[in-house]
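Below is one structure; the comments refer to it alone.
The values are calculated or read from the model by the stated rules, or taken from the named source; none is laboratory data. As the structure is a computational prediction, the values presented were derived from the model and not from experiment. Don't worry about glycine lacking a Cβ; one is built from the backbone with ideal geometry, like all the others, and counts go over all protein chains shown. Quick note on the areas: whole protein, heavy atoms, side chains included, nothing else; ligands and nucleic acids left out. Shrake-Rupley method; radii C 1.70, N 1.55, O 1.52, S 1.80 Å.
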Amino acid sequence: MKRETMPFPSFFHTFATLERLAVIEPDEARRDEYRAAYSRWKHVLSDHIQ
């Protein structure tokens, strides 16, 4: 997005008034599943970018 089309003067101003509702940590027991899903996503994304 071009700077002149941004509704706020900076990234900081865009999110300055947001309140964190929760922090969700990944399930360590599913680490391999997450890694495989990320690998598939990255492969598909790379194919679409080229």
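Just from its helices, what would the mean residue ellipticity at 222 nm be for the chain, if runs of 4 or more DSSP H residues each count -39500 (n - 2.57) and the sum is divided by every residue, rounded to the nearest 500 deg cm²/dmol? Calculated mean residue ellipticity at 222 nm is -15000 deg cm²/dmol.
Solvent-accessible surface of the chain, taken per residue with a 1.4 Å probe and all protein chains present: 109 Å². Overall, the accessible surface of the chain at a probe of 1.4 angstrom is composed of carbon and sulfur to the extent of 60 percent. For segment 10-40, which trypsin sites (Lys or Arg not before Pro) are in a loop by DSSP, counting at most 15 other Cβ atoms within 10 Å? Qualifying residues, ordered by number: R20. Ranking H13, A29, I49 by how far each Cα lies toward the positive end of the dipole of the chain (charges on Cβ) leaves I49 at the top.
Placing one equal scatterer on every Cα of the chain and applying the Debye formula, the log10 ratio I(q)/I(0) at q = 0.16, 0.31 Å⁻¹ is -0.85, -1.09. Distance between the modelled labels on E28 and H43, one decimal in nanometres: 2.9 nm (7 Å Cα→Cβ projection).
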